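Chemist: Take a look at this one; I'll ask things after.
The values are calculated or read from the model by the stated rules, or taken from the named source; none is laboratory data. Computed from a prediction, not measured in an experiment: that's the story for all the values here. Neighbour counts run over all protein chains shown; Cβ positions are idealised from the backbone, glycine included.
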């Protein structure tokens with residue numbers, strides 16, 4: 001089976017993901033950050049497709065880009081954005097934060113380049129037309145309990161969001 | 001064919017971006033977005049490993065991480081609204097986030 | 001491809017998940033009943049939640065009996081459910097009881113407190129029950145997916161509970177800080193899990209451990225494994241509030257409703273420990289030579305920072321927050337001394353005993369602080385406890401008992417926690433660490449006695465009397481009895497702690513792979 005997407009797409013999508021990720025953390029206006037984050041999420045969805053994970057791609061687009069980000073935009077609209085814009089963008093420890101993150105990123109990269117031999121570059125593919133079905137089988141067999149716990153997690157999220165955000169202080 | 005370690009490198013850089021945003025931003029909502037960035041880096045490395053091992057369990061984990069991210073975002077944004085109601089600011093310096 | 005239902009959900013699965021099912025049913029029941037109750041009857045929610053905890057405890061007892069029967073048939077420790085993702089072994093059962101006791105006492109403490117705060121809602125009790133389900137998953141999960149989802153269920157419920165006093169600015173901000181740092185640490189933890197998944201290709205703890213063992217024999221200084229260890233451990237240390245990842249704890253503890261502060265410092269912390277021990281003892285034991293120096297460093301830093309910061313606090317909740325950080329330091333020393341090839345070693349047993357006694361004595365101290373909250377007095381400063389002896393002598397004496405126990409004075413319960421930790425350090429030859437730990441224990445005595453000094457030697461600042469609600473009275477009685485009885489008759493409890501570790505992990509792994 002020949003690969004569906006050429007290498008070009010990998011570089012293209014990862015460049016888009018990286019540039020928009022940097023935009024997320026450098027833009028002052030939270031709306032711009034949110035839009036940049038949506039671009040990151042969509043390009044990651046493309047990468048998931050290249051890794052033969054169509055189910056994850058679908059969930060990424062529908063839940064993340066469609067659901068969570070809309071929630072973010074709603075809240076940005078609810079709170080007073082004008083005021084936030086007038087304040088400083090970065091906090092006082094930004095130099096320390098920058099150095100720490102660069103060190104962290106450098107450490108990760110060093111580890112991957114040193115340990116590259118562990119993950120050989122060649123790997124064969126699972127036929128992707130079965131993907132969603134197989135994920136479903138896994139969820140309802142091996143991962144039945146986490147699946148049920150996840151439903152409780154969503155219930156807690158609903159209850160918690162209502163408790164915290166409801167207006168009436170009876 | 002793109003080797004698996006390229007995906008891991010991308011995931012590591014995205015994760016470092018998320019950590020950087022968490023550490024230096026002052027707006028709580030953007031800090032939250034940085035956390036989403038970190039979780040997405042985690043998802044990318046899970047999918048890459050799942051593809052490397054030809055095992056779908058990694059993709060299932062991603063599914064659960066997304067559920068967690070959605071729930072965390074819902075609760076977190078509700079708390080942000082509650083804080084905003086009492087303080088009228090979104091700047092965590094004002095709420096002394098890193099006070100020891 | 002259609003499979004019959006009984007292969008998805010067997011009778012063993014049902015038995016093992018029954019404690020969680022009970023809690024989920026009662027939690028949802030509380031949410032529904034709350035809608036039907038008139039405002040003056042809202043406290044009935046607390047009793048519903050307590051009944052739920054009792055039913056769950058009965059279900060845990062059923063699992064324990066099944067374990068006993070299996071032992072009689074020579075199959076001890078083979079309780080595996082849900083395709084290997086849940087292991088309700090003795091370790092898990094011990095923690096189940098601990099969580100249920102902590103939640104029950106916290107609920108008893110909350111009833112009156114929430115009325116004073118005018119936040120008596122059914123959601124509060126439902127969230128407590130749901131968080132216990134998450135803790136149970138953390139204690140019994142044998143699969144990183146279940147562990148992660150359980151951790152998040154507990155964490156999310158706790159974030160909301162911390163911010164439950166919506167009128168109180170401190171409570172809101174504490175919830176925000178706790179949530180941001182909690183989500184951050186979960187992200188780091190998940191990244192570490194992804195690396196372990198990448199190394200092993202499986203989400204099962206036993207499988208990961210076996211692969212790590214082989215992998216580690218082949219290349220002992222593999223950078224990817226070390227990075228995975230570092231990130232996972234960072235996430236875990238965040239959850240138990242070890243230095244240098246402790247900054248969230250004092251703020252979250254101070255802002256949270258006092259009963260929830262007590263709950264966080266015992267049950268939530270015990271759940272963090274259950275997760276940490278599960279991962280370190282059952283998954284990462286091949287990496288012990290690498291993580292040992294790190295744990296030694298973290299435990300010393302935790303002891304130092306916790307004890308020194310506690311010296312200067314003037315807020316009771318903050319002081320107890322730093323003291324709870326210091327207690328984590330002692331428990332981490334138990335991990336240093338515990339030989340992981342034999343999980344039943346003294347160090348690990350010391351941690352189990354410590355968590356048990358800590359549940360009673362710390363919740364007791366917080367119960368006394370809860371009683372200081374009156375009509376218009378927040379009651380969490382040291383000044384508020386001044387002269388307690390002259391207003392409420394019983395409470396003052398109970399508080400003294402809890403404080404002495406926290407300081408580790410025999411014959412109270414806290415002594416046994418510290419005793420086993422020190423014993424294990426001496427047994428394993430860590431004399432320097434044992435000396436440092438003893439010195440810090442003496443330092444701890446000083447700041448606990450500062451509270452006692454305020455209670456007994458100073459005049460009261462307000463004349464407002466301290467009144468005890470029946471729930472709080474019961475909570476105080478249980479915690480005081482627990483503290484004294486464990487201190488004087490420790491054998492039963494020590495045996496329980498040893499029992500919880502009596503199935504060596506190797507056979508647990510073997511049981512999974514058969």
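A quick yes/no check of all residues on (1) surrounded by 14 or more Cβ atoms within 10 Å (Cβ to Cβ); (2) under 21 Å from residue A:98 (Cβ atoms); (3) modelled with pLDDT of 90 or more; (4) out of contact with any helix residue (DSSP H, G or I) (no Cβ under 6 Å at 6 or more places or on another chain):
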position: A:2; (1), (2), (3), (4): no, no, no, yes
position: A:5; (1), (2), (3), (4): yes, no, no, no
position: A:8; (1), (2), (3), (4): no, no, no, yes
position: A:14; (1), (2), (3), (4): yes, no, yes, no
position: A:17; (1), (2), (3), (4): yes, yes, yes, no
position: A:22; (1), (2), (3), (4): yes, yes, yes, yes
position: A:32; (1), (2), (3), (4): yes, yes, yes, yes
position: A:41; (1), (2), (3), (4): yes, no, yes, no
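Chemist: For residue C:233, are the conditions met, namely being more than 7 Å from every other protein chain (Cβ to nearest Cβ), closer than 26 Å to residue C:89 by Cα, assigned to a helix (DSSP H, G or I) and at pLDDT 90 or above? Let's see the steps before the verdict.
Modeler: Numbers: more than 7 Å from every other protein chain (Cβ to nearest Cβ): yes; closer than 26 Å to residue C:89 by Cα: yes; assigned to a helix (DSSP H, G or I): yes; at pLDDT 90 or above: yes.
In short, yes.
Chemist: Please work out if residue C:147 is within 23 Å of residue C:119 (Cα to Cα) and within 12 Å of chain A (Cβ to nearest Cβ).
Modeler: On the way: within 23 Å of residue C:119 (Cα to Cα): no; within 12 Å of chain A (Cβ to nearest Cβ): yes.
Criteria not met by residue C:147.
Rundown of residues vs (1) farther than 20 Å from residue C:201 by Cα; (2) modelled with pLDDT under 80; (3) more than 7 Å from chain B (Cβ to nearest Cβ); (4) crowded, with 16+ Cβ neighbours inside 10 Å, yes/no style:
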site	(1), (2), (3), (4)
A:86	yes, yes, yes, no
A:120	no, yes, yes, no
A:127	no, yes, yes, no
A:148	yes, no, yes, yes
A:157	yes, no, no, yes
A:162	yes, no, yes, no
A:168	yes, yes, yes, no
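Chemist: Within the range C:412-503, considering only helices (runs of 4 or more DSSP H) that don't extend past its boundaries, which have at least 3 residues that are over 21 Å from the mean Cα position of the chain (by Cα) and farther than 19 Å from residue C:345 by Cα?
Modeler: On the way: elements: C:413-427, C:431-457, C:470-488, C:491-500.
Correct list: C:431-457, C:470-488.
This table checks each residue for (1) within 20 Å of residue C:324 (Cα to Cα); (2) more than 10 Å from every other protein chain (Cβ to nearest Cβ); (3) buried (at least 24 other Cβ atoms within 10 Å of the Cβ).
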| position | (1), (2), (3) |
| --- | --- |
| C:211 | no, yes, no |
| C:219 | no, no, no |
| C:247 | yes, no, no |
| C:261 | yes, yes, yes |
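Chemist: Next question. So which of A:153, A:104 is surrounded by 14 or more Cβ atoms within 10 Å (Cβ to Cβ), at pLDDT 85 or above and at the interface with chain B (Cβ under 9 Å from one of its Cβ atoms)?
Modeler: On the way: A:104 fails: at pLDDT 85 or above.
Within the list A:153, A:104, the selection yields A:153.
A quick yes/no check of all residues on (1) touching a strand residue (DSSP E or B) at 6+ places or on another chain (Cβ under 7 Å); (2) within 24 Å of residue C:491 (Cα to Cα); (3) at pLDDT 90 or above:
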{"position": "C:383", "(1), (2), (3)": "no, no, no"}
{"position": "C:393", "(1), (2), (3)": "no, no, no"}
{"position": "C:399", "(1), (2), (3)": "no, no, yes"}
{"position": "C:404", "(1), (2), (3)": "no, yes, yes"}
{"position": "C:409", "(1), (2), (3)": "no, yes, no"}
{"position": "C:414", "(1), (2), (3)": "no, yes, yes"}
{"position": "C:433", "(1), (2), (3)": "no, no, yes"}
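Chemist: Mind telling me which of the residues B:21, B:76 ends up being surrounded by 24 or more Cβ atoms within 10 Å (Cβ to Cβ), closer than 30 Å to residue C:85 by Cα and within 7 Å of another protein chain (Cβ to nearest Cβ)? Talk me through it step by step, then tell me what you get.
Modeler: Values: B:21 fails: closer than 30 Å to residue C:85 by Cα.
Every option except B:76 fails the conditions.
Chemist: Any residue at all in the range B:81-98 that's modelled with pLDDT of 90 or more, over 22 Å from residue A:112 (Cα atoms) and more than 7 Å from chain A (Cβ to nearest Cβ)? Walk me through it before giving the result.
Modeler: The first filter runs over the range B:81-98 and keeps only residues modelled with pLDDT of 90 or more, leaving none.
Checked the range B:81-98: no residue is modelled with pLDDT of 90 or more, over 22 Å from residue A:112 (Cα atoms) and more than 7 Å from chain A (Cβ to nearest Cβ).
Chemist: If I ask for residues that are modelled with pLDDT of 75 or more and either more than 16 Å from residue C:500 (Cα to Cα) or outside any helix (DSSP H, G or I) (or both), which ones from the range C:339-349 would you list?
Modeler: Taking the range C:339-349 as the starting set, the residues that turn out to be modelled with pLDDT of 75 or more are C:345-349.
Hit for the range C:339-349 is C:345, nothing else.
Chemist: Taking the options B:51, B:5, name whichever one is at pLDDT below 90, under 18 Å from residue C:231 (Cβ atoms) and surrounded by fewer than 24 Cβ atoms within 10 Å (Cβ to Cβ). Reasoning before the result, please.
Modeler: On the way: B:51 fails: under 18 Å from residue C:231 (Cβ atoms).
Answer to the check: B:5.
Chemist: Out of the range B:53-67, which residues are more than 7 Å from chain A (Cβ to nearest Cβ) and within 21 Å of residue A:69 (Cβ to Cβ)? Reasoning before the result, please.
Modeler: Within the range B:53-67, the first condition is being more than 7 Å from chain A (Cβ to nearest Cβ), and the residues that meet it are B:53, B:55, B:58, B:61, B:65.
B:65 - this is the single residue of the range B:53-67 that is more than 7 Å from chain A (Cβ to nearest Cβ) and within 21 Å of residue A:69 (Cβ to Cβ).
Chemist: Yes or no: the range B:25-36 includes at least one residue that is part of a helix (DSSP H, G or I), within 7 Å of another protein chain (Cβ to nearest Cβ) and free of Cβ contacts under 8 Å to residues at least 12 places away in the same chain.
Modeler: yes
Chemist: So, one more: Here's a check for you: in the range C:18-32, which residue that is surrounded by 19 or more Cβ atoms within 10 Å (Cβ to Cβ) and more than 12 Å from chain A (Cβ to nearest Cβ) is farthest from residue C:123 (Cα to Cα)?
Modeler: Among those that are surrounded by 19 or more Cβ atoms within 10 Å (Cβ to Cβ) and more than 12 Å from chain A (Cβ to nearest Cβ), it is C:19.
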